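The values are calculated or read from the model by the stated rules, or taken from the named source; none is laboratory data. Not measured: the values here are computed from a predicted model. Note that each Cβ is placed from the backbone with ideal geometry, even for glycine, and that neighbours are counted across all protein chains shown. Protein only, heavy atoms only, side chains kept; ligands, DNA and RNA dropped before computing areas. Shrake-Rupley method; radii C 1.70, N 1.55, O 1.52, S 1.80 Å.
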Amino acid sequence: MAGERTIVVTGCSSGIGAHCARALKADGWRVFATVRKPDDLSGLEAEGIEAFLMDYARTETISDLVGAVLERSGGRIDALFNNGAYGQPGAVEDLSTATLRAQFEANFFGWHELTRQVIPPMRKRGQGRIVQCSSILGVVPYRYRGAYTASKFALEGLSITLRMELQGSGIHVSLIEPGPIATRFTANALAKIKEHIDLENSPHAVDYIRQLARLDGSGPVNRHKLGPEAVYSVLKHALNSKNPRPHYPVTTPAKQGMFLKRLLPADLFYRLMRWMD
């Protein structure tokens, strides 16, 4: 155990987190995986992955996690993969401030708290990797994804600033920016839009019909959607490369979006994004 590299991976109940936790374990890492629900612990533990309950919106669970990992690992945390998040769809004018605040608690403030708590043991050893699973929506905007987009734009800015501040410490920070990935993300987003948005009485009611179709799977299939293994491919580079990149776009739409944002005048780019669905 003493020689194994250790990594904390969040959001491991399914999707990207679950796949990456298992793949890292297979590649020789000692994986400390987090989930929010007790029922999701046993599946990971059965595969030899050390699993913990943690909720980004509850600071005490973050401190408990870090304390438990440091105790089990002898004070060693080599890497952190911040991944657990959810998307709150809805037009900006339909979002209550409380709903927006909840999005930031789960997607931004909790990530910041966990990141801050793992940096001291990394500094002590003079090395570490912090990888943030952002989104292409942290780089380009998208209609009816304002809450999620805002949380990821904030994450991008904070993480790149942290990367610059940690230069020379041996700790590297990278952002993974996936486009469409086959996970339960859209199913969770469907529940959130129904929970927090007045779909029938909104001035965007007609557009919401199309948005709901995209989320419930009854609309057109996204032919560019990849599996979570596409994220793991770049995660390995961010964790193992001597010079990890600041940005790792994943999927064709993500790469195209970044390219077009650099290429086109701002007004033309945003008008183009306005009509993308």
- Query: Does residue 101 satisfy being charged (D, E, K, R) and either free of Cβ contacts under 8 Å to residues at least 24 places away in the same chain or within 19 Å of residue 181 (Cα to Cα) (or both)?
  - Reply: yes
- Between a first residue in segment 164-175 that is over 11 Å from residue 131 (Cβ atoms) and of a type in the set (A, V, I, L, M, F, W, C) and a second residue that is open to solvent by less than 10 Å² (accessible area, probe 1.4 Å) and modelled with pLDDT of 95 or more, which pairs have beta carbons less than 6 Å apart while being 6 or more apart in sequence or on different chains? 171/122; 171/128
- Name the residues in segment 115-153 that are open to solvent by 30 Å² or more (accessible area, probe 1.4 Å), touching a residue at least 12 places away in the same chain (Cβ under 8 Å) and part of a helix (DSSP H, G or I), would you? 117, 123, 124, 125, 150, 153
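Please tell me if residue 215 is hydrophobic (A, V, I, L, M, F, W, C), surrounded by 20 or more Cβ atoms within 10 Å (Cβ to Cβ) and either modelled with pLDDT under 95 or closer than 19 Å to residue 99 by Cα (or both). Let's see the steps before the verdict.
Numbers: hydrophobic (A, V, I, L, M, F, W, C): yes; surrounded by 20 or more Cβ atoms within 10 Å (Cβ to Cβ): yes; either modelled with pLDDT under 95 or closer than 19 Å to residue 99 by Cα (or both): yes.
In short, yes.
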- If residue 203 satisfies every condition in (1) open to solvent by 90 Å² or more (accessible area, probe 1.4 Å); (2) assigned to a helix (DSSP H, G or I); (3) modelled with pLDDT of 95 or more but one, which is the exception? (2)
- Sole miss for residue 185 among (1) under 14 Å from the mean Cα position of the chain (by Cα); (2) of a type outside the set (S, T, N, Q); (3) at pLDDT 95 or above is condition (3)
- Message: If I ask for residues that are within 30 Å of residue 256 (Cβ to Cβ) and loosely packed, with under 12 Cβ neighbours inside 10 Å, which ones from segment 155-166 would you list?
- Response: 157, 161, 164
- Name the single residue, out of those in segment 171-190 being open to solvent by 40 Å² or more (accessible area, probe 1.4 Å) and in contact with a helix residue (DSSP H, G or I) (Cβ under 9 Å, 6 or more places away or on another chain), that is farthest from residue 238 (Cα to Cα). 187
